[in-house]
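Okay, so here's the structure we're looking at.
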Amino acid sequence: MLLDGKQVSQVVKTTLKTQTDELLQRGKRAPHLAAVLVGNDGASETYVANKVKSCAEIGFRSTLIRLDGDTSEQTLLEQIRILNMDEAIDGILVQLPLPKQISEQRIIEAISPAKDVDGFSPVSVGKLVQGLETFVPATPFGMMLLLEHYNIDTKGKHAVVIGRSNIVGRPMSILLSSNLPKGNCTVTICHSHTHNLAEICREADIIVAALGRPGFVTGDMVKEGAVVLDVGITRVKDDTAKSGFRLKGDVNFEEVSAKAAAITPVPGGVGPMTIVGLMKNTLDAYRRKLDT
Ligand code: GUN
């Protein structure tokens, strides 16, 4: 079975649009997301453009703040302070990666936890670990929504997460092991120092591939009937494509789809679900603030 993130994300977006329309009918303002893009990295441009477009589709307001690639950390911190204080802004995201003169950690920590719709701040991560209400990072959030939509059985299953990044692998491992509707897994986190990675993967009922190496998970690493979520979106050169590249996942789709019970394609799997994770967080930030 194909886990069709493109289709599921449309369903969620339609629901979000209905909820936003209701707010407006009740005389409320729309939720408002501020996105900050520093420099002009090609992939970041695309991601931010998609976020802004999705806001418009749902009826959210969005403000895109573009800063030069040589912007200082001070200037960015000042921008964040302004957004933190702005009553009309509900969610703030600073697109990563940032240029090397800026400390990502200092920037993340400067965002008000109440507006941290990426869920990257230590406050948000701490709450996630303790099972408290918080903003769940968008990609893991989107994957949990996908598991819910397809009613994938997770309780007591062995989930193997490949990759321990703060954005995907680590928070996903926490969610899958938490006492949640699609949690309660036994979780193994694999990373660059893991021995016997292929053997560990073969024991997995659920595999989350989030290491950023195209085609890394091959057919021989996957148990018959496993559920496979592919987070990879590496750009590889493709002269037949109009853009000059195509997106490649961390999973060898051809090999693995022959064995998996369910698998996400790339593109059209996890990617579109990430956006709806962010949109849901933005609506939550708005609701928590305005108590509506
Ligand atoms: N860079 C890669 N993924 C993300 C994300 O989810 N949020 C932000 N802000 N930057 C990213």
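Values in this text are rule-based calculations from the coordinates and carry no lab data. Since this is a predicted model, take the numbers as computed values, not measurements. Glycine gets a Cβ as well: all are built from the backbone with ideal geometry, and neighbour counts include every protein chain shown.
Side notes on the structure shown:
- Among residues other than PRO265 with Cβ under 10 Å from its Cβ, the summed charge is -1 (Lys and Arg +1, Asp and Glu -1).
- Counted over the chain, the DSSP beta bridges are approximately 10% antiparallel.
- The phi torsions of the stretch 245-257, fed into the Karplus equation with coefficients 6.51, -1.76 and 1.60 and a -60° offset, translate into couplings of 8, 9, 8, 10, x, 7, 10, 6, 4, 4, 5, 6, 5 Hz, rounded to whole numbers, with Gly and Pro shown as x.
- Amide H contacts under 5 Å for LEU67, placed H, 5+ residues apart: LEU37, VAL38, GLY39
- Flagged links, alpha-carbon separation over 24 Å, of LYS182/LYS223; LYS6/LYS28; LYS237/LYS280; LYS6/LYS259: LYS6/LYS28; LYS237/LYS280
- Near ILE80, once Lys and Arg are set to +1 and Asp and Glu to -1 for all other residues with Cβ below 15 Å from its Cβ, the sum equals -4.
- Entry note, the chain: relative contact order of 20 percent, from Cα contacts under 8 Å with a spacing of 6+ residues.
- Compactness of the chain, taken as the C-alpha radius of gyration over 2.2 N^0.38 Å, stands at 1.00.
- Ranking of PHE120, PHE216 by count of other Cβ atoms within 10 Å, fewest first: PHE216, PHE120
- Near the amide H of ALA34, within less than 5 Å, lie the amide hydrogens of THR63, ASP90, GLY91, ILE92, LEU93, all on another chain or at least 5 residues away, with H placed in the peptide plane.
- Karplus (6.51, -1.76, 1.60) ³J(HN,Hα), θ = phi - 60°, over the stretch 88-103, in Hz, Gly and Pro reported as x: 7, 9, 9, x, 10, 10, 10, 5, 9, x, 9, x, 5, 6, 10, 7
- Centroid-to-centroid separation of the stretch 3-81 and the stretch 168-225 [C-alpha atoms, Å]: 30 Å
- Residues whose placed amide H lies under 5 Å from that of LEU3, excluding near-sequence neighbours: ILE263, THR264
- A full extension of the chain between ARG106 and ASN40 corresponds to an added length of 21.7 nm, given 0.36 nm per residue minus the alpha carbon distance.
- Remark on the stretch 61-179: Rg and Dmax equal 16.2, 49 Å (Cα only).
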